[in-house]
Amino acid sequence: MNKITFSPKQKEVIRAPFDVTLEVNEGTPRSGKTTAGVFRYAYYLTITPDENHLIVAFNQEQAYRLFIECDGFGLKHIFGDLAQLKHDDNGDHLEIHTPNGIKKVYYKGGGKADSHKAITGMSLGSVVFCEINLLHMNMIQECFRRTFAAKMRYHLADLNPPPPNHPVIKEVFEVQNTRWRHWTIHDNPIISEERKKEIYETLKKNPYLLQRDWYGKRVMPEGVIYSMFDMEKHIKPTVLGMPYEMFFAADGGQGDATSVSCNIVTRYKDKFRLNRVAHYYHSGKETGQVKAMSTYAREIKAFVKWCVEKFEMRYSEFFVDPACRSLREELHLVGIDTRKADNNAHDIKGTSKGIEVGIERAQNVITNEQFFLVETDKYGHYHFIKEIGLYCRDENGKPIDEYNDAMDEFRYSVNYFYRRYVL
């Protein structure tokens, strides 16, 4: 495993006694809280007598990435040859050999309304909630019930600061016997002063992001562009209505994220709906793994094939940001014909110009209940949900060029939908 140096706060967290029901690490992105949580949890697993445990995130992929892998510092790396990925009747898990016997650490998704069904009947010793504010409350509450009979009951949660009125605060943090810790980027020993300055210069352009992602405060997202999006109202378990068309929209980059959405237009209750049913997303900057455009093209082709088979529909169009010429060329080489997406470059509507026209259309389809996310078992909406909650305006009212890769291709899909089915 890679060598690691802990900050004083990380050491404090790892070594703390297990004397509360729930531990919460809340604070800014890149503050080191997840790494501390992983090592804390590894320590717990070596001393608990309970056999079965659970890591839950918005989807299974995130649960694996955040705690099992964790950029080379996850559980499978900490335990090395003593850990092995396996599968049994309860699902995928990491089997770990410890001085107190074998431990099975299951990892599952918890962002859907029915996610809790995957753990019904299981007896657990502990649960880790990754980004707990993105999990469905049904799953969170079921997790606490599954540990009632544990010999060494333990729960660990981490999250970036949510709005002050987020239900997880009153319904979970204030209900349980909770130890809460606040984190900022200064608690991460691997972030250099130069990088901190770079991050600060970006965040200071927007008061909301500065307070949330620099100071780690819970603030109302007044500058969020799509604040009308509601996770309860705008996420559905299935596609509703008569299908009219399937199409794809894409925005690509190697340093920035490559984001591709599968969209199905339906007619439901005398109104056309834009259903975002699947999402391919990869960020070289976020993962540290930069892929060639030819690799993206092959993976996107597999994504398209999965969508066509899953929803049993042929797709009509594949739109790509006009600036992504290399991605378009690579897609053509693997047999996917593309068209330039409408990126609002020439749009003028009243006082709105350019992307503001597309943003206004997107806001309208959300408000008018013509846009929905549809839950799926693969290619989920984790990255879309993260971006839509962070896509903000600066102090001059202009959209900030951050957290906007999925938001850009979302706008492209709305532009096509709006012109064909709304205008």
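The values are calculated or read from the model by the stated rules, or taken from the named source; none is laboratory data. As the structure is a computational prediction, the values presented were derived from the model and not from experiment. Heads up, the Cβs are rebuilt from the backbone with ideal geometry, glycines too, and the neighbour counts pull from every protein chain shown.
Is it true that some residue in the range 360-367 is touching a His at 6+ places or on another chain (Cβ under 8 Å), crowded, with 20+ Cβ neighbours inside 10 Å and closer than 19 Å to D256 by Cβ?
No.
Considering only the range 164-202, state which residues are farther than 14 Å from W214 by Cβ, crowded, with 16+ Cβ neighbours inside 10 Å and either free of Cβ contacts under 8 Å to residues at least 60 places away in the same chain or in contact with a helix residue (DSSP H, G or I) (Cβ under 8 Å, 6 or more places away or on another chain) (or both).
Within the range 164-202, H166, V168, I169, V172, Q176, R181 qualify.
Yes or no: the range 46-69 includes at least one residue that is at pLDDT below 95, among the aromatic types (F, W, Y) and either buried (at least 21 other Cβ atoms within 10 Å of the Cβ) or in a helix (DSSP H, G or I) (or both).
yes
Could you tell me which numbered condition S316 fails, if it satisfies all but one of (1) farther than 24 Å from Q370 by Cβ; (2) in contact with an Asp or Glu (Cβ under 6 Å, 6 or more places away or on another chain)?
Condition not satisfied by S316: (1).
Say whether the condition of being farther than 23 Å from F311 by Cβ and in contact (Cβ under 8 Å) with a residue 24 or more places away in the chain is met by at least one residue in the range 265-273.
Within the range 265-273 (the criterion being farther than 23 Å from F311 by Cβ and in contact (Cβ under 8 Å) with a residue 24 or more places away in the chain), the answer is no, since none of the residues qualifies.
Hey, can you tell me all the residues within the range 282-341 that are on the phi > 0 side of the Ramachandran plot and over 24 Å from the mean Cα position of the chain (by Cα)?
Passing the criteria: E312, G335.
Would you mind stating whether E26 is touching a Pro at 6+ places or on another chain (Cβ under 8 Å) and of a type in the set (D, E)?
Yes: the conditions hold for E26.
Residues being surrounded by fewer than 23 Cβ atoms within 10 Å (Cβ to Cβ) and more than 17 Å from the chain's Cα centre (by Cα): count how many of those fall in the range 126-152.
12
Among what's in the range 301-334 and is part of a helix (DSSP H, G or I) and of a type in the set (V, I, T), pick the residue that is farthest from E61 (Cα to Cα).
Restricting to residues being part of a helix (DSSP H, G or I) and of a type in the set (V, I, T), the top hit is V308.
Taking the range 183-201, which residues are under 21 Å from the mean Cα position of the chain (by Cα) and either outside any strand (DSSP E or B) or of a type outside the set (F, W, Y) (or both)?
If the condition is that a residue be under 21 Å from the mean Cα position of the chain (by Cα) and either outside any strand (DSSP E or B) or of a type outside the set (F, W, Y) (or both), then T184, I185, I199 are the ones that fit.
Starting from residues that are among the hydrophobic types (A, V, I, L, M, F, W, C) and buried (at least 18 other Cβ atoms within 10 Å of the Cβ), keep the ones in the range 15-45 and report whichever is farthest from the chain's Cα centre (by Cα).
Going through the qualifying residues, I end up with L45.
Within the range 296-341, how many residues are surrounded by 17 or more Cβ atoms within 10 Å (Cβ to Cβ) and either outside the structural domain of Y379 (by TED's automatic domain parsing) or touching a Leu at 6+ places or on another chain (Cβ under 9 Å) (or both)?
Residues that pass the stated criteria total 7.
Report the residue count in the range 82-118 for those that are outside any strand (DSSP E or B) and either more than 24 Å from H383 (Cβ to Cβ) or charged (D, E, K, R) (or both).
Going through the range 82-118 one residue at a time, the tally reaches 8.
So that you can scan it fast, the table gives a plain yes or no per residue for (1) in contact with a Cys (Cβ under 8 Å, 6 or more places away or on another chain); (2) in a strand (DSSP E or B):
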position	(1), (2)
K205	no, no
Y226	no, no
F229	no, no
T238	no, no
S259	no, yes
R267	no, yes
A278	yes, yes
E299	no, no
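Please work out if A278 is under 23 Å from Q62 (Cβ atoms), touching a strand residue (DSSP E or B) at 6+ places or on another chain (Cβ under 7 Å) and surrounded by 15 or more Cβ atoms within 10 Å (Cβ to Cβ).
It is true that A278 is under 23 Å from Q62 (Cβ atoms), touching a strand residue (DSSP E or B) at 6+ places or on another chain (Cβ under 7 Å) and surrounded by 15 or more Cβ atoms within 10 Å (Cβ to Cβ).
Among the residues of the range 212-224, write down those that are surrounded by fewer than 17 Cβ atoms within 10 Å (Cβ to Cβ) and of a type outside the set (D, E, K, R).
Residues satisfying the conditions are Y215, M220.
Being part of a strand (DSSP E or B) and either acidic (D, E) or closer than 29 Å to Y418 by Cβ (or both): is that true of F248 here?
Answer is yes for this residue.
Could you please find all residues in the range 342-359 being over 16 Å from K398 (Cα atoms) and buried (at least 16 other Cβ atoms within 10 Å of the Cβ)?
Across the range 342-359, the qualifying residues are D342, N343, D347.
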